[in-house]
Structures are given as C-alpha cells and as structure tokens.
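The values are calculated or read from the model by the stated rules, or taken from the named source; none is laboratory data. Quick caveat, the model's predicted, so the values are computed rather than measured. A quick note on method: Cβ atoms are made from the backbone with ideal geometry, for glycine too, and the neighbour counts reach across all protein chains shown.
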Ligand code: SAM
C-alpha cells in the first residue's frame, strides 16, 4: 500500500502569515508578499512587456519550483489579465513536494483581498493533497499544471524522453511534438533558500531547467546564493545579480543563452518510439470523426484552444454508446499503485473539476455522490485501504460504515461503502450536445467517414459520395470500434463488449435513494419515477436487442445493495437500452498519434530478437492523424482528460500528463509490445 505522502507543515506568525516548520523558512516576504512576487518574479522576467507583444493565439509558459500558497501563480494570473491579448493562453506549471492543505491555503490567500476572486476559483479546483502527480486546472485563458512531486521527478516527466541521445538533445525543442510542447518561456525559481533547502538546488535540477528552456527563456529568483548562480551559469544561463526586494541586498535574474550544453547521454538512451517528428506550421482546422463523448470532448478542448473543428457523425451527437439516458462519473481507484490506478485517479479528478467548473453539474446531472459497496470481504478491506490512502483528502474519497452510508444514501444498505462525494450522474447525450454548442465547432451529422486520404496540406475525409465530406489540417479518429474500419487505425486491438441498462419503475422505498450505488452493477436515484440500473457485461455478442435475462441481472445486482431495491421491476422489454463498450487489452484508452503500423514493424523489427534493444529514432506516424478511443464503460470519467491531452498535443500546448502516462496511452504501445513478444 502507498505510504502517506508529505504535506506542508505550517505554523502562523503574529501577522497570520504562514511559516514552514519543515524548512524553518517563510513562504514570502514578511513585509509584502505580493509586492515581492511582482518585483522578483514578474518584473525581473520582464513579463508585462513580453506579454504586451504576444501575437494573437500564442501560448506563454511559466514554470515554477514550489507552488506553496499559490501567491506567485495568482499574481501572474492577475497581471496576465491586465497585459496579455485576450486570445492568448498562459500556462503555469508548478511543482510542489509538500502541498498545503486546502484550509491552510484558504487562510493564507485571505491575506490578499485583491486576489479574492481568482483565489476562489483556484480553491474550487485545488487538487486533494493525497493525489500525487499531475493535475491540469483550467481557468479559460489561464491553465495551471500543478504537479505534486519532487521538483526533479516532476519536471523530468515534462521531457519527451528522460535521457535523450545527442541527436535528440541537439535538435532539442524542435524534435518532437512532445518536447516542443514543454518548452518554458520564464522560470520562477522559488523553493526556499538554498541554505534551508539544499536538497532542491542541485545540479540535476539545473540541468533540467536547461533541457526545458529555449533561447530567450528567462529566469528570476529571490536568492543570490553562489550555488544557484554557479549552477545556472554552468548549464547555459547568463546570470545577472541585481538589487533584491526590500531588505534583501541581491537577487538573480537571467536568460538562457546557450545551445543546451548539458551532459545527458549516459551510454543508453531512452526508447523514442513514441516520438513524432515535428510538423511545420500550426493546425487551424481539425476534423473529428465521431460525436460521442470522446469526439465531443476532443472537439470542445480543441475549440477552446482556438482551433476550428468539423465534428463528423454518422448519426447525430451522442447516439452510440454515449446515448444512454444516464451515466456515472466513475473511476476505479485502487489500493495498489500502478499505471491504471494512476490514470484513473487523474482522469476522475479532472472530470469532476471539468463538470463542476462548466456548470454541467447540476445542469445536466447531479453531483449526488457515488457509494461503492464491496463485492466481497477482501474487497471491503481494499476499499478501506483506499480510504486510508486518501485519509487527508475526504473530499476525494472516504469510508462510511453501514449506518453512515445508509444515512447518506437515504435507503438502508447491506454494508458500509466508499464514498466519492464529488461524483454523480450525468446525461451523456445532453453532454454531447452541450459540448458541441461552441462557436468554433461545426457539426456534420448523418455522414459516415470510411476513408482518409492524405493531401498536401492535411487530409480529405471520404464517404461513399463523390466529394469528400471535409478537408482538414489534422484528423482525430474518435469513433470507438468503428476505428477498425478506417484503414490507418485498423491495427488497433479494440474489443466490443455489449452492455444493457434497465429502466425500472421506482417504488415508495426505492424513491428514497438519493445517491448512486455501485457494486457488481450500479443504480441511480429515480428520475421521473424511473431508476437507471446497469450495465450487463456480455462478451462476443453483436446482438442489439434488449434481453429479459440482462434486465433480471441488472435488477438482481441492485437488489444485492439494499433491501429497498429488492422489489424493482422492468415492465417492458424495451425499457432499457443496449450499447457496446469499446475496450482495449490493458483497459487503458488509446490516445495520441496514429502509428504507420507497417513502417513501425519494419523499423522496430530488432525488438523481435531483443525486446530491450533501444532504437534511438522517432517512430513512424501518419502526419497529423490522431486517435482517441477505448474508454470502455468509463467514458464520462476518461474522456475529458484524454481530450485535453490530445488537444494540447495538436495545438502545441504543454501537456496535462506526465511522460509515463502519455506513453501508457500511446496508440503505438501494442505494436511495440507485440514486437517485443515476437507476436507480430
Ligand atoms: N511560490 C510559492 C508561493 O507563491 O507561495 C512560495 C514557495 S515557498 C518559498 C517554497 C515551496 O517549495 C514550498 O511550498 C515547498 O514545499 C516547496 N519545495 C521545497 N522543496 C521542494 C522540492 N524538492 N520539490 C518541490 N517542491 C519543493
């Protein structure tokens, strides 16, 4: 089981300002924290001047060591609003090893009434302190990537490959879409004084700064310590000493002026099969195939980044597996660490933030909470372990004993349960419609794409008609298992699993249910006198008609959760709906660039003999062709983050996930694995 993770340990001085007891140091100047921030970090990175000259649609990226109280972030956000063009985007990436808990953060931020409005927005999305790793918080033209990790571990996940060979290093930011997306324009080097926190200010960290910088990247830091000055100079920054803020005699500022001169190659390079050669020019128009949840979220995320989208759907938005009357925002948290658990946690938190921030809870659903009941004794132990892992984050998950859980549910339950308080149900079809109502999205319904043809400037999308349905700079295939029917994605190992939901008439007892219950299946509170219960799980079936057996199975699963749900019935066979989940062999979705499967097999053929061979070249990918499929039964939870990942990749914004997870979702992963096992 995961060990408890470190959080900030705070005491308060006589003026109500926070002091770190771990580091015996202040978070900001005792005189005026906000003025110090403006002077040291904003002014000495020349931000107002640089922002005024940004062109429309540009992206500016700040990276910071030590998010702390978020003061630097909020001060930058405030200044961005005053100086940057309206359609530019500020990305603020910050690492924090010891996050403040929400109460301490709120108490600190109340020190600056002028920041109140944006501080409230930050507090509403602030991730639980126990959820380590990457979190993307979306505030419109300002995006925060908050990484709860040690600075080195966190920043190194922004690199496309951790230990690039000389060729990759030399070509630096232009080599891959990933690396380019992660270039930093200005560094805020905070993180407590080197004398108090020597573990932070190391050569490894300075080297990371260099790897993530480009010519013209600036830095500013409150400290003038020799170790920082020499460390930054050694990796290629021109360092200048200037007068510090208030009583501080000196501080440092500077600019990255060298070609990356850092030593990186340690004999063996990281595999680079996932890297894509950078394409020329920016993407202005994208065609997204499939207007289910994956496609609609992708279209929305692209549209928000200023990209025009043609969203093409053979039926109408939300008609396929996304057409169920109700779905649960649900992810599988785990008592053990692992890639699937890590992705689920990140996706779930992102989805909850998204639906709350966009007002979709409560507009088209209800954040009534989800109670997960144990399916057997050992499962109960595991659910309790999950609650322990998140013990300091009850807003994320907590264990309720049988009486507490029954009171929360409004009906007697057969056991205690794990509560996910921020979750609930949404109407997927309404969601699809809400997401597509965007000025940058044009929906083309009733058109089935069956062929993609590459053109000089992008792709033509063809149906059986004589003219292409659309042309675009880039294409995203988001049509679940129908991706198998498009030649370029036919290699993907997608599986169909039939699922049926049942609409059962509520009775006096069941009508008291006020939260979603999950066990072997799930059941939601009654809406208009009907409960939605689901969903059966049938392999190897293409049958679309509802079955009585599966209605009975859904009702039996609900009855096992509470005696109040024992007498439910479905009165007509067609009081339900069947659809097909699109799943993958490792249960992770497939998100990213589409591999040219035949070229990859040839290029990476040596893996057949030795799976550990490192082939130090990028993979072969169809230019500007992407895929977002395989969300199984977790579309509501998975698709918002996957869409954000893909849109960031396409629009060349910093990515919302660490390199490890990007590779875990990568569309070429099965080819590489199968070559390594000599299966293809
Ligand atoms: N920028 C912050 C603000 O606006 O409030 C103040 C930062 S405070 C001076 C330094 C922060 O660096 C603390 O929150 C501390 O927990 C964090 N920190 C210290 N060592 C770290 C490390 N190795 N990795 C990541 N964060 C670290």
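Listed conditions (1) more than 30 Å from residue 336 (Cα to Cα); (2) out of contact with any helix residue (DSSP H, G or I) (no Cβ under 7 Å at 6 or more places or on another chain) are all met by residue 66, apart from (1). Would you point out which residue out of 8, 56, 63 is farther than 20 Å from residue 120 by Cα and away from the ligand (no atom under 15 Å from the Cβ)? Among 8, 56, 63, only 56 is farther than 20 Å from residue 120 by Cα and away from the ligand (no atom under 15 Å from the Cβ).
For residue 618, the conditions (1) at pLDDT 95 or above; (2) under 20 Å from residue 492 (Cα atoms) all hold with the exception of (1). Does the range 399-408 contain any residue that is free of Cβ contacts under 8 Å to residues at least 24 places away in the same chain, in a strand (DSSP E or B), buried (at least 18 other Cβ atoms within 10 Å of the Cβ) and touching a strand residue (DSSP E or B) at 6+ places or on another chain (Cβ under 7 Å)? Checking the range 399-408: at least one residue is free of Cβ contacts under 8 Å to residues at least 24 places away in the same chain, in a strand (DSSP E or B), buried (at least 18 other Cβ atoms within 10 Å of the Cβ) and touching a strand residue (DSSP E or B) at 6+ places or on another chain (Cβ under 7 Å). Only one entry of 511, 556 meets the criterion of being more than 28 Å from residue 294 (Cα to Cα) and free of Cβ contacts under 8 Å to residues at least 12 places away in the same chain, and that entry is 556. Only residues that are near the ligand (Cβ under 6 Å from one of its atoms) and either under 15 Å from residue 139 (Cα atoms) or surrounded by fewer than 24 Cβ atoms within 10 Å (Cβ to Cβ) (or both) were counted across the range 71-82, and they come to 1.
Among the residues of the range 158-173, some residue qualifies, meaning at least one is closer than 30 Å to residue 226 by Cα, at pLDDT below 95, within 16 Å of the ligand (Cβ to nearest atom) and not in a strand (DSSP E or B). When you check residue 632 against the structure, is it in contact with a strand residue (DSSP E or B) (Cβ under 9 Å, 6 or more places away or on another chain), within 20 Å of residue 496 (Cα to Cα) and touching a residue at least 40 places away in the same chain (Cβ under 8 Å), yes or no? Considered against the rule, which asks whether it is in contact with a strand residue (DSSP E or B) (Cβ under 9 Å, 6 or more places away or on another chain), within 20 Å of residue 496 (Cα to Cα) and touching a residue at least 40 places away in the same chain (Cβ under 8 Å), residue 632 comes out as yes. Considering the range 615-680, the qualifying helices (runs of 4 or more DSSP H), each wholly inside and each with 3 or more residues that are under 23 Å from residue 163 (Cβ atoms), run over 659-664, 669-676.
Sort out for me the strands (runs of 3 or more DSSP E) sitting completely within the range 494-591 that have 2 or more residues that are over 20 Å from residue 366 (Cβ atoms).
Hits in the range 494-591: 495-505, 576-583.
Residues in the range 208-227 that are modelled with pLDDT of 95 or more and surrounded by fewer than 22 Cβ atoms within 10 Å (Cβ to Cβ): 218, 224, 225, 226, 227.
Which strands (runs of 3 or more DSSP E) does the range 412-477 wholly contain that include 2 or more residues that are under 27 Å from residue 577 (Cβ atoms) and out of contact with any helix residue (DSSP H, G or I) (no Cβ under 7 Å at 6 or more places or on another chain)?
On the way: elements: 417-420, 441-445, 451-454, 459-462, 470-472, 474-477.
Where strands (runs of 3 or more DSSP E) fall fully within the range 412-477 and carry at least 2 residues being under 27 Å from residue 577 (Cβ atoms) and out of contact with any helix residue (DSSP H, G or I) (no Cβ under 7 Å at 6 or more places or on another chain), they are 441-445.
The residues of the range 1-19 that are buried (at least 16 other Cβ atoms within 10 Å of the Cβ) and either within 30 Å of the chain's Cα centre (by Cα) or assigned to a loop (DSSP other than H, G, I, E, B) (or both), listed by number, are 2, 5, 7, 8, 10, 17.
The rows are residues; the columns are (1) modelled with pLDDT of 95 or more; (2) in contact with a helix residue (DSSP H, G or I) (Cβ under 7 Å, 6 or more places away or on another chain); (3) within 15 Å of the ligand (Cβ to nearest atom).
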residue	(1), (2), (3)
20	yes, no, yes
25	no, no, yes
30	no, no, yes
51	yes, yes, no
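Being surrounded by 23 or more Cβ atoms within 10 Å (Cβ to Cβ) and farther than 30 Å from residue 675 by Cα holds for only one residue in 526, 506, 533, and it is 533.
Condition (residue is modelled with pLDDT of 95 or more, within 22 Å of residue 73 (Cα to Cα), within 14 Å of the ligand (Cβ to nearest atom) and outside any loop (DSSP other than H, G, I, E, B)) applied to the range 191-205: is it met by at least one residue? Yes, there is a match, as at least one residue in the range 191-205 is modelled with pLDDT of 95 or more, within 22 Å of residue 73 (Cα to Cα), within 14 Å of the ligand (Cβ to nearest atom) and outside any loop (DSSP other than H, G, I, E, B).
Screening the range 83-106 for residues that are assigned to a helix (DSSP H, G or I) and within 13 Å of the ligand (Cβ to nearest atom) and picking the one that is farthest from residue 51 (Cα to Cα) gives 104. Within the range 363-377, can you find the residues that are over 14 Å from residue 421 (Cα atoms) and out of contact with any strand residue (DSSP E or B) (no Cβ under 7 Å at 6 or more places or on another chain)? 363, 374, 375, 376, 377, listed by residue number.
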